[in-house]
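Beneath this line is the structure, given in structure tokens, with notes to follow.
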Amino acid sequence: MSQDLIVYFNNRRFIITPSIEKYFESSDSGFFFGSPTHQDFPKLLEIFQNHLVIQNLFVGNSNPERMFEQFASNFTVIDAAGGLVQNDKGEFLLIFRRNRWDLPKGKVEKGEDLEVAALREVEEETGVSELSVQRHLITTYHTYVQDGKSILKRTCWFAMKCLGNQKLVPQVEEDIVKVEWVNESNLSNYLSASYSNIQAVFDEF
């Protein structure tokens, strides 16, 4: 069965769903639009981007994957990969970049395997090594503007384990100023200063 596809605009959500009716009575209020055409997407995006009061935009379609392809054609798509890393103590590895707590991730190089890219990016951004991939968690989508271009980043997330007590080294050239191991009991404090798509990664975990 097809599932919802969620694109994050910072902490706002553009949701393409085969079951739009399930949101009618939920606590997720927003703007509803059923079965848009390819020509509707630029206008829908304009409405959503210019009216920040709309926290959720729900688009109904029986084939959300095909509808998502039409949505994505309005962006430059970049593939990325990252990791939700736990150590032997069960603590999670978080980075602090641009005034937000985040998870290590980065752009997939041409021809690079997603798992390999995720491992490389975690090591580069945090300094840790001796990593092992446990499983694929989720793929998230978020948007931003860079050099006047609208970017849609598709990030493949993996659950990872890290062995030993290793020195953490933030990749300052990527604007990372802190790297920390965070106990699960303190996690909510960090996620309150993070992004909704990062919360979605932890929810999947």
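Brief remarks follow.
- Checking Val122, Val179, Val128 one by one, the residue that is surrounded by 17 or more Cβ atoms within 10 Å (Cβ to Cβ) and in a loop (DSSP other than H, G, I, E, B) is Val128 and no other.
- Number of positions in segment 32-77 that are buried (at least 16 other Cβ atoms within 10 Å of the Cβ) and among the β-branched types (Val, Ile, Thr): 2
- Cβ separations smaller than 8 Å between residues 6+ apart or across chains give the following pairs from segment 39-60 residues that are in a loop (DSSP other than H, G, I, E, B) to residues that are open to solvent by less than 10 Å² (accessible area, probe 1.4 Å): Ile54/Phe48.
- If you check Asn186, Asn197 for being closer than 22 Å to Phe71 by Cβ, in a helix (DSSP H, G or I) and open to solvent by less than 80 Å² (accessible area, probe 1.4 Å), only one passes: Asn197.
- For segment 133-153, the condition of being over 25 Å from Ser196 (Cβ atoms), open to solvent by 80 Å² or more (accessible area, probe 1.4 Å) and either polar (S, T, N, Q) or modelled with pLDDT under 95 (or both) holds for none of the residues.
The values are calculated or read from the model by the stated rules, or taken from the named source; none is laboratory data. Predicted, not measured: the structure shown is a model, and the values here were computed from it. Don't worry about glycine lacking a Cβ; one is built from the backbone with ideal geometry, like all the others, and counts go over all protein chains shown. The protein model used for the area step is the full one, side chains on, heavy atoms only, and it has no ligands, DNA or RNA in it. Shrake-Rupley method; radii C 1.70, N 1.55, O 1.52, S 1.80 Å.
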